[in-house]
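Dumping the structure here so I can ask a few things about it.
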Amino acid sequence: MDFALSEEQTLIFDMAKGFGEEHIAPHAQKWETEGTIPKELWPQIAELGLGGIYVSEEYGGSGLSRLDATLVFEALAMACPSVGSFLSIHNMCGGMIDKFGSEETKQKWLPDLCSMNKVFSYCLTEPGSGSDAAALKTRAERDNEGYVLNGTKAFISGGSYSDAYVCMVRTGEDGPKGISTVVVEDGADGLSFGALEKKMGWLSQPTSQVQFDDCKVPADNLIGEEGKGFSYAMAGLDGGRLNISAGALGGAQKALDLTVQYMSERKAFGKSINQFQALQFRLAEYETKLQAARTFLRQAAWKLDNGDHDATKFCAMAKLMVTDVAFDVANGCLQLHGGYGYLADYGIEKIVRDLRVHQILEGTNEIMRLIISRQMISA
Ligand SMILES: Cc1cc2nc3c(=O)[nH]c(=O)nc-3n(C[C@H](O)[C@H](O)[C@H](O)COP(=O)(O)OP(=O)(O)OC[C@H]3O[C@@H](n4cnc5c(N)ncnc54)[C@H](O)[C@@H]3O)c2cc1C
């Protein structure tokens, strides 16, 4: 058993961290205010090999492991959890197409996905089905040319912004076995978007409903086989949950680093506040929690990379544990900043707002408990 990162993994982390510090962090607040991430950022990120992190190299990807990906997303979130998470969703789509798509499908989508000439969104949630995703209602009827879609997807990160949407749609019976996955390109006939959602965090990402009104999609936009879309979506989420956890961890680590610095500068009652033992103990507690979360997250990623039978359970446990710990630490760091933690200039309140949604999406933390306990009971 070796807990150390390899030299290559250390380089991956440092590269992503360096990129974030130079190209993301200085603009993160401005992008929040503007409610969008400039599209020019993406090809720059893709040049580092981060457009298709675990897509095979023959289609333009980097062919890295899930563990490597957690390093990337931890590092990028130190600059901005919202930007890092957006990239994570795009990569989740890439992973699904690479793993389940036919040769032609991969040739068709992956080169543009990896170069980020096309940005991808993931569309599972609907207004009437979130946690109970298998109850989705968007229908895709087969005709001579392809599929005709009708329905609405809700909360879509990148809605009205992305170039392509990986959509879970109903092609058959009720329940998970009637679901298929199709790619809908921006500009498709019958595709439209709801108004941009007003949110608590992740403000730089546009979020909206994605609507299909007799939306026509060519037959070869189907990913893999009809009726298997739900299992593809769930497989995508195993890795997605690791990334969402890594993003939470990176955000919390940044908050803690800022707090250690701040506490050495801020004085109260004639001394630096880092001289109060009650506060020192809080730092110790936060450091311990984040290190434990990091170790657990990397173990879950290692299990997914190795195809362990309990990898899904570990991904769910990591998501539950890491995102809860990360939010608590970031929130505690805000408290340690006093009133200044509440001000945008100190960089903490944005992290707290951004990390809150990590406990909700890609399966709420209640649903993580459901996945974990079901597996325990069935075993
Ligand atoms: C900013 C943001 C971005 C998002 N981006 C995307 C995206 O890009 N693509 C996408 O497909 N989705 C996206 N989502 C949707 C997200 O995944 C869902 O909001 C989430 O899965 C929860 O679904 P829901 O909101 O319908 O809540 P509900 O399913 O209605 O749940 C309500 C509450 O009930 C709890 N609950 C539900 N069922 C159970 C149960 N069986 N046992 C115990 N508790 C239960 C939930 O945990 C929650 O607390 C995004 C959401 C947000 C907020």
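Filter the stretch 129-158 down to residues that are assigned to a loop (DSSP other than H, G, I, E, B) and within 8 Å of the ligand (Cβ to nearest atom) and give me whichever is least open to solvent (accessible area, probe 1.4 Å).
It comes out as Gly158.
Could you list, in sequence order, all residues of the stretch 357-367 that are touching a residue at least 40 places away in the same chain (Cβ under 8 Å) and near the ligand (Cβ under 9 Å from one of its atoms)?
Across the stretch 357-367, the qualifying residues are Val357, Leu361, Glu362, Gly363, Thr364, Asn365, Glu366, Ile367.
Considering (1) in a helix (DSSP H, G or I); (2) away from the ligand (no atom under 16 Å from the Cβ); (3) surrounded by fewer than 16 Cβ atoms within 10 Å (Cβ to Cβ), say which one Asp308 fails and leave the rest.
The failed condition is (1).
Do we find that Tyr286 is touching a residue at least 60 places away in the same chain (Cβ under 8 Å), touching a Leu at 6+ places or on another chain (Cβ under 8 Å), surrounded by 15 or more Cβ atoms within 10 Å (Cβ to Cβ) and of a type in the set (Ser, Thr, Tyr) in this structure?
The answer is no for Tyr286.
While we're looking at this one, here's another question. Look at the stretch 198-222 and say how many of its residues are under 16 Å from Glu185 (Cβ atoms), within 16 Å of the ligand (Cβ to nearest atom) and buried (at least 21 other Cβ atoms within 10 Å of the Cβ).
Residues in the stretch 198-222 being under 16 Å from Glu185 (Cβ atoms), within 16 Å of the ligand (Cβ to nearest atom) and buried (at least 21 other Cβ atoms within 10 Å of the Cβ): 2 in total.
Yes/no per residue for (1) in contact (Cβ under 8 Å) with a residue 60 or more places away in the chain; (2) assigned to a helix (DSSP H, G or I); (3) in contact with a strand residue (DSSP E or B) (Cβ under 8 Å, 6 or more places away or on another chain):
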{"residue": "Asp2", "(1), (2), (3)": "no, no, no"}
{"residue": "Leu11", "(1), (2), (3)": "no, yes, no"}
{"residue": "Glu22", "(1), (2), (3)": "no, yes, no"}
{"residue": "Ala25", "(1), (2), (3)": "no, yes, no"}
{"residue": "Ala28", "(1), (2), (3)": "yes, yes, no"}
{"residue": "Glu32", "(1), (2), (3)": "yes, yes, no"}
{"residue": "Thr36", "(1), (2), (3)": "yes, no, no"}
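Right, something else. Is it the case that some residue within the stretch 227-241 is more than 16 Å from the ligand (Cβ to nearest atom) and aromatic (Phe, Trp, Tyr)?
no
Of the residues Lys17, Lys108, Lys99, which single one is of a type in the set (Lys, Arg) and either more than 23 Å from Tyr165 (Cα to Cα) or open to solvent by less than 10 Å² (accessible area, probe 1.4 Å) (or both)?
None of the other options fit; the residue is Lys17.
Where the second residue is open to solvent by 30 Å² or more (accessible area, probe 1.4 Å) and near the ligand (Cβ under 6 Å from one of its atoms) and the first is modelled with pLDDT of 95 or more and lies in the stretch 112-131, which pairs have Cβ atoms under 7 Å and are six or more apart or on separate chains?
Going by the 7 Å Cβ cut-off, the qualifying pairs are Thr125/Phe155; Ser131/Thr364; Ser131/Ile367.
For the stretch 116-128, give me each residue that is over 19 Å from Asp186 (Cβ atoms) and open to solvent by 60 Å² or more (accessible area, probe 1.4 Å).
Pro127, Gly128
For the condition free of Cβ contacts under 8 Å to residues at least 12 places away in the same chain and not aromatic (Phe, Trp, Tyr), what is the one hit in Asn144, Asn150?
Details: Asn150 fails: free of Cβ contacts under 8 Å to residues at least 12 places away in the same chain.
The conditions single out Asn144.
Can we say Arg374 is modelled with pLDDT of 95 or more, within 16 Å of the ligand (Cβ to nearest atom) and exposed (fewer than 14 other Cβ atoms within 10 Å of the Cβ)?
yes
How many residues does the stretch 247-268 hold that are open to solvent by less than 10 Å² (accessible area, probe 1.4 Å) and closer than 28 Å to Leu67 by Cβ?
9
Can you work out which of the residues in the stretch 332-356 that are open to solvent by 40 Å² or more (accessible area, probe 1.4 Å) and within 12 Å of the ligand (Cβ to nearest atom) is nearest to Glu126 (Cα to Cα)?
Ranking the qualifying residues of the stretch 332-356, first place goes to Arg356.
The values are calculated or read from the model by the stated rules, or taken from the named source; none is laboratory data. No experiment lies behind these values; they were computed from the predicted model shown. Please note: Cβ atoms are built from the backbone with ideal geometry, for glycine as well, and neighbour counts cover all protein chains shown. All accessible areas refer to the heavy atoms of the entire protein, side chains included, with ligands and DNA or RNA removed. Shrake-Rupley method; radii C 1.70, N 1.55, O 1.52, S 1.80 Å.
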